[in-house]
Amino acid sequence: MKHIKKPAFNKGAHIAPPLEPPNFDSKPPVFSLEKIVNSKYCLSQLNQEDKASFADAIFRRKNLPWIEIKKADRHGLGTEKIARGSIKAEIPKFITDDVDHFLAFRFHGKKPMVGYRNRDIFYVLWFDHDFTLYDHE
């Protein structure tokens, strides 16, 4: 009885898995409009100057890792936590009850875009262009 010969293993053809999980705080944010809420706080409600400022805001943060953003001023390149209960708009159904806060980035002066972070992605939900989404200090 003949045995079946095993094929030769080609070491270069396989990619080894990473040894450690990625550190998303060391990466810059990826901004996503995928989950934006279609309301009075939608991108479509912004004027041209606000839209241009949004593009500039994400460009200024394109090489800034999350760890640096956490240290930055909340009215500058940093973020601010907004309590879930402070949001006056309807919260999307896909946001579970265990989410107790959102993050705000400034996109034009002190005008915030509000959303949430998952890994290195910041999902914009609202553009608070008229400062009515939550009470501002």
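Values computed for the structure shown
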{"read-out": "Qualifying positions in the range 63-92 - of a type in the set (Lys, Arg) and either outside any loop (DSSP other than H, G, I, E, B) or at pLDDT below 95 (or both)", "value": "Lys70, Lys71, Arg74, Lys81, Arg84"}
{"read-out": "Conditions (1) of a type in the set (A, V, I, L, M, F, W, C); (2) at pLDDT 95 or above; (3) assigned to a loop (DSSP other than H, G, I, E, B): number failed by Ala57", "value": "(3)"}
{"read-out": "Output for the range 117-137, where each listed residue is without any contact (Cβ under 8 Å) to a residue 60 or more places away in the chain and touching a strand residue (DSSP E or B) at 6+ places or on another chain (Cβ under 7 Å)", "value": "Tyr134"}
{"read-out": "For Phe102: the one exception among (1) over 12 Å from the mean Cα position of the chain (by Cα); (2) buried (at least 16 other Cβ atoms within 10 Å of the Cβ)", "value": "(1)"}
{"read-out": "Close pairs (8 angstrom Cβ cut-off, 6 or more residues apart or separate chains): β-branched (Val, Ile, Thr) in the range 33-56, assigned to a loop (DSSP other than H, G, I, E, B) anywhere", "value": "Ile36/Cys42; Val37/Ala89; Val37/Glu90; Val37/Pro92"}
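The values are calculated or read from the model by the stated rules, or taken from the named source; none is laboratory data. Keep in mind it's a predicted model, so treat the numbers as computed, not measured. Using ideal geometry, Cβ is built from the backbone for each residue, glycine included, and neighbour counts are taken over all protein chains shown.
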